[in-house]
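Working notes, beginning with the structure itself.
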Amino acid sequence: MKGRYLRFGIAGLAAAAMLMSIPASAAPDMRAAKKEGKILWYSSMSLPITQAVCKRFNAKKTGITCVAHRSGSGKLYRRYLQEAKGGIYKADVFHTSNLGHFLNMKSKKHLVKYVPTGTGNFNPKFKSDHGFWTIFRASMLVPFYNPKKVKASEAPKSWKDLIDPKWKGRIVHSHPSYSGFVTNGMINIVKLHGWEYYEKMAALKPKIMQSALAGIPIVATGEADIGAGTVLYGLFAAINKGEPLKIILPTEGVPLVTSPSGILSKAPHPNAARVFTDFMFSKDNMQFLADNFLHVGHPGVKYPKGLPALSDMKLMSISGKELKKKNKPTRKKFRKLFGV
Amino acid sequence: MTQAVPPIGGLGSTGSASWFRRVDFTSAVWVIVLVLLVLLVVLPIYFLFQESFLRDIDDVWQFSFGNYVEAFSDPIYYGPIATTFVISLFAGVFSLIIGAGMAWCVSRTDMPYTGLVRNSVLAAFVTPPFLGAIAWILLAGPRAGWLNVLFRWITGLSQDFSLFNIFSLPGVIFAITLYTFPLVFIVVLAGLNNISSDIEDAANIAGGGTFSTMINVTLPLVLPALFAGLILAVLEAMILFGIPAILAIPAGYHTMTTQLRQFMVSEDDMLGVAGAYAMPMLIAAIWLIWMRGKALGRRGYATVGGKGGVRRPQKLGSWRYPVFFLCLFPVICTLGLPYVALSATSIMKTLGGGFVWSNLTFEHYIFMINNDGVRESFFNTVGLALMAATGAATVASIASYIVQRKLVRGHSFMGFMATAPIGIPGIVLAVGLFAAYTKQPFVLYGTLWILFLAYLTKYLPLAYQTSNAALTSIHPELEECSRILGANRLQVFRDVTIPLFKAGLIASWILVFMPSLRELSASILLWTTDTKVISVVIIDLYEENLFGPISAIAVTLLVITLLAIAAGFRLVGKDFMKAG
């Protein structure tokens, strides 16, 4: 009898020890989280959706208030590093579209391990094997056109079609220095068609915009007829509103951009950050992202009508390592070719 | 010495008044202002210099010229320098012609509706230039701009023809001029209003016509203000960020400011390169300010004496209405057309749907009202603008008084300090402030204070130039008179100078308040989650492609501005912004 108790005891201790050694999968401490009362979220997801996620979390009345700071991926990364350099730690949860940055941050110990509750059965493309981040959402870089200006039969069918001389002065391209999506897409396309592709693109004298989304109004108003690439979820939101725009799914494939989310090691509200991260990946919130035309890892969500499923598309993707290596040279080369 | 000084004039020798008279705080005030100026101006520049010589070599930060080599050896960075030069030169000259011409018409002629013109220019001044740029894309985009569509509809030309192309160098110069000429207008107007008509009357009596009086009498008298205006316009065009970011980059041009921003948002730490790249701008600005001082020399233009003086308008005769319509034209381009475009966009569901009944909506206004970020940023912006305007007007008036009256040795240094920040692009100033105030024990980052410091420093030269121009024309004889009667410096300043100078003080307050409402280039680097300002919100929305809410905010801002100007008239009377 005594032995059994002892065995139970040892097993219990072992279990407790295991729980302590891998806090990555432990449930967040609600009481400590409530005491912290606040979570600051650095997010590169489009402003209305970022704000809505925060609002939905606050509506749950957990005693924790979500505050969102939305900006572009590159700018958030720069801001975080600058703050860290000055010893200022404000952000708790970090979410951008540049996997390369996350690799840097992991190796410089800016992130802590945490696997959000309920992500076990997620699409493997959305999980990381080390637990420092989980993919919160994914989308693609796609070309698009204005059907009022271009007939469907004349619209480009592939990436190669975009560099046809007939589009000279009629095309808009976003700058990779401001957009992680565009950088990612360019690396994919260069692998496919070489830098020659962008030499020809530069000869078309495209209008250069400062974010992937900024090309949308230019094409919607007819200032340009086609866009060389924008973010699929932003494009669908505009189409859904009734803007005269049509998506192009190039025959070569579409670059997939996955956007990780992680908890910062110097987070001033570490427990609240875990509670919020659990909420981010909850089915309810994942469905909300899907409703906004984003792709997520949760197997149970329903996507809006007309949105191509991940499995229906020919996806092109590059590893975080490759992204990290090619980020800077790609931007430099773009500047050389396009002059800005 | 403890005996009370006999009371002057009608002043009773009540306790506090006599104490105030006995102790001369003059030197203490001078020292405080000087220290403040040094802190405000020198600190960020010092950190800018420091950063420009620091480089990360093998993970160690050390002294190096590497940043300068990197900033000035790559051919891709030469272009922006030339572009900036061309833009600021042309925009400066055009602004001078338009601004000074309009100021003369408003101040010196019997042109009808001068009040309307003056207030429209004021409203133009508070319109954020980046909003204007966004509106002008809708108006003068080469293919879909409304003006071009109208032009093609009238002429029947095909889509390859366009009358205007806002995405071009002339387009950028045009847009910048629209938002820098009000600076010249305000400065020159203040100068003109300080010249009494006696002198012009004398010219008229001696047989000079309207035009020759203007050229031979009024113009030389207003020369200091003209120079001040031109320099302000050239510098403002040089350091402007919003318009080039929105119009020049799509056209394939970088200016120095957008290039600086590119360094700053780069994923690598390019703070030092940005610091090095900012140096030519700093040098150019200092050179311009020095040239201005040299050109004006020691010539005095004291025209406000103790002998009164009336301003009488020049007769334009049959030219009254043509001149009025000519003055209206820049205002239409700055305010009328853009706000028509923005108002229309603010109630359009989709941009591509056109201005038809089925495409109209109020959803953008609802978005704006329901958005916490927008609401908070409105409060932050207005609070900051109030603080910055009060701070800058106070510091600037004291500093310009010291400089004008040559009260302390090295007074010209003080003047230099107060004008120097104009050569620091907002975005560079922000870098300096960031470096200075993210370190213990003065962690101001993340508070409104760091933005306050940025605004105060950035707009100090505006306030200083205005105070200076106004003070130049107040003859010291009035002050000397009170000094002889026994008042000390501070008393003279309070009882004689300030009342004479009130209009100049108000003008400099407004000159800081209005641009503070729309400050972008420093804010874009210093904002944090709790300290967002409206300009940053608008740029955010622009990058997110939310033209509707931007337009709704723009229209709301305009309404607030017009209300503020109306309130100004109520409070200050018709002398509001009339300077003199």
- prompt: Under a straight-distance cross-link criterion of Cα-Cα below 16 Å, which aspartates and glutamates are reachable from A:Lys302, leaving out those fewer than 8 residues away in the same chain?
  reply: A:Asp284, A:Asp291, A:Asp312
task: List the pair-distance distribution P(r) of the range B:376-449, using every Cα-Cα distance, as the percent of pairs falling in each 10 Å bin from 0 up to the bin containing the longest distance, rounded to whole percents.
output: 16, 33, 37, 13, 1
- request: Would you pull out the residues with amide H under 5 Å of B:Met348's amide H, same chain only if 5 or more places away, H placed 1.01 Å from N?
  value: B:Thr361
- prompt: If we restrict to alpha carbons, what Rg and Dmax does the range B:313-415 come to, in Å?
  reply: 23.9, 70
- line: What the Cα atoms of chain A span along the principal axes, largest first and in whole Å, is 86, 41, 35
- prompt: HN-Hα J couplings of the range B:542-547 from phi, Karplus 6.51/-1.76/1.60, θ = phi - 60°, integer Hz, Gly and Pro as x?
  reply: 5, 5, 8, 6, 9, 5
- prompt: If you line up the Cα atoms of the range B:410-452 on their principal axes, what length do they span on each, largest first, in Å?
  reply: 34, 21, 16
message: How many Å² of accessible surface get buried when A and B come together, counting both sides, probe radius 1.4 Å, rounded to the nearest 100?
response: 5000 Å²
- request: Could you tell me what fraction of 2.2 N^0.38 Å the Cα radius of gyration of the protein assembly as shown comes to, as a two-decimal ratio?
  value: 1.04
field: Cross-link partners of A:Lys325 among aspartates and glutamates (Cα-Cα below 14 Å; sequence separation of 8 or more within a chain)
entry: B:Glu267, B:Asp268
message: Between the range A:107-145 and the range B:463-510, how far is it from one alpha carbon centroid to the other, in angstrom?
response: 65 Å
message: So for chain B, averaging the separation of alpha carbon pairs under 8 Å that are six or more residues apart and normalising by length, what relative contact order in percent results?
response: 21 percent
Label-zone membership for the range B:202-236, site B:Lys315, 7 angstrom Cα→C-beta point, backbone N under 14 Å: B:204-205, B:207-211
query: Going down the table (A:Lys61/A:Lys283; A:Lys113/A:Lys191; A:Lys326/B:Lys532), which pairs top 25 Å between alpha carbons?
result: A:Lys113/A:Lys191; A:Lys326/B:Lys532
task: Specify the inter-centroid distance of the range B:119-164 and the range A:158-190, based on alpha-carbon positions, in whole Å.
output: 27 Å
message: Please compute the length gained on full extension between B:Val29 and B:Leu223, using 0.36 nm multiplied by the number of residues separating them and subtracting their Cα-Cα distance.
response: 66.7 nm
- request: Enumerate the aspartates and glutamates that A:Lys168 could reach by cross-link, defined here as Cα to Cα under 17 Å, with residues fewer than 8 away along the same chain left out.
  value: A:Glu154, A:Glu196, A:Glu199, A:Glu223, A:Asp225, B:Asp160
query: So how long is each side of chain B along the principal axes, counting just the alpha-carbon atoms, biggest first, in Å?
result: 81, 72, 47
query: Which value, to two decimals, describes the C-alpha radius of gyration of the range A:21-104 once divided by 2.2 N^0.38 Å?
result: 1.19
- request: Tabulate in residue order the Karplus-calculated ³J(HN,Hα) for the range A:207-215, using 6.51 cos²θ - 1.76 cosθ + 1.60 with θ = phi - 60°, rounded to whole Hz; enter x for Gly and Pro.
  value: 6, 9, 9, 8, 8, 4, 6, 5, x
task: Calculate one ³J(HN,Hα) per residue across the range B:48-55 by plugging θ = phi - 60° into the Karplus curve 6.51 cos²θ - 1.76 cosθ + 1.60, and present them in order as whole Hz with x for glycine and proline.
output: 5, 4, 4, 5, 5, 9, 9, 9
query: With respect to the cross-link table entries A:Lys55/A:Lys148; A:Lys157/A:Lys333; A:Lys106/A:Lys207; A:Lys60/A:Lys90; A:Lys125/A:Lys200, which display a Cα-Cα separation exceeding 31 Å?
result: A:Lys55/A:Lys148; A:Lys106/A:Lys207; A:Lys125/A:Lys200
message: Taking 2.2 N^0.38 Å as the expected size of a compact globular protein, what ratio does the Cα radius of gyration of the range B:48-160 give against it, to two decimals?
response: 1.76
message: Under the rule of at least 5 residues apart or a separate chain, name every residue whose amide H is placed under 5 Å from the amide H of A:Thr230.
response: A:Val142
statement: Using a 1.4 Å probe on heavy atoms of the protein chains only, the accessible area for B:Cys327 in Å², nearest 10, reads 10 Å²
message: Using only the alpha-carbon atoms, how far is helix A:320-338 inclined from the longest principal axis of chain A? Give it as 0 to 90 degrees, nearest 10.
response: 30 degrees
- line: What helix-only [θ] at 222 nm does chain B give? Using -39500 (n - 2.57) per DSSP H run of at least 4, over all residues, to the nearest 500, the answer is -21000 deg cm²/dmol
task: Just the number, please: percent antiparallel of the DSSP beta bridges in chain A, rounded to the nearest 5.
output: 55 percent
- request: Quick one: which residues, 5+ away or cross-chain, put their amide H under 5 Å from the amide H of A:Leu315? H built at 1.01 Å from N.
  value: A:Val254
message: Please list B:Val33, B:Val69 from largest to smallest accessible area, probe radius 1.4 Å, with all protein chains kept in place.
response: B:Val69, B:Val33
statement: Note on the range B:93-250: contact order normalised by length, alpha-carbon pairs under 8 Å, 6 or more apart, percent, works out to 34 percent
field: Where the protein assembly as shown is the region considered: accessible area per residue in Å², 1.4 Å probe
entry: 41 Å²
query: Rounded to the nearest 5, what is the percent of antiparallel bridges among the DSSP beta bridges in the protein assembly as shown?
result: 55 percent
query: Summing -39500 (n - 2.57) over the DSSP H runs of n ≥ 4 in chain A and dividing by its residue number, what mean residue ellipticity at 222 nm do you reach, to the nearest 500 deg cm²/dmol?
result: -12500 deg cm²/dmol
query: Given a 1.4 Å probe and every protein chain left where it sits, what share in percent of the accessible area of the range A:53-138 is carbon and sulfur?
result: 54 percent
task: For the range B:442-580, count all C-alpha to C-alpha pairs, find those more than 19 Å apart, and express that count as a whole percent of the total.
output: 65 percent
- prompt: Based on the alpha-carbon gyration tensor of the range B:161-239, what equivalent-ellipsoid semi-axes (square roots of 5 times the eigenvalues) come out, in whole Å, largest first?
  reply: 34, 16, 8
- prompt: For B:Phe90, what accessible area in Å² do you get when you roll a 1.4 Å probe over the heavy atoms of the protein chains, rounding to the nearest 10?
  reply: 100 Å²
Heavy atoms of A:Asp29 accessible to a 1.4 Å probe, total area in Å² rounded to 10: 80 Å²
task: Can you find, among B:Val533, B:Thr109, B:Ile98, the residue farthest towards the positive end of the dipole of the protein assembly as shown? Put +1 on the C-beta of Lys and Arg, -1 on that of Asp and Glu.
output: B:Val533
field: Rg to Rh quotient for the range A:133-206, alpha carbon positions, Kirkwood Rh
entry: 1.00
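The values are calculated or read from the model by the stated rules, or taken from the named source; none is laboratory data. Quick caveat, the model's predicted, so the values are computed rather than measured. Because the Cβ atoms are built from the backbone with ideal geometry, glycine has one as well, and the counts that use them run over all protein chains shown. Heads up: the accessible areas ignore ligands, DNA and RNA and are worked out on the full protein's heavy atoms, side chains in. Shrake-Rupley method; radii C 1.70, N 1.55, O 1.52, S 1.80 Å.
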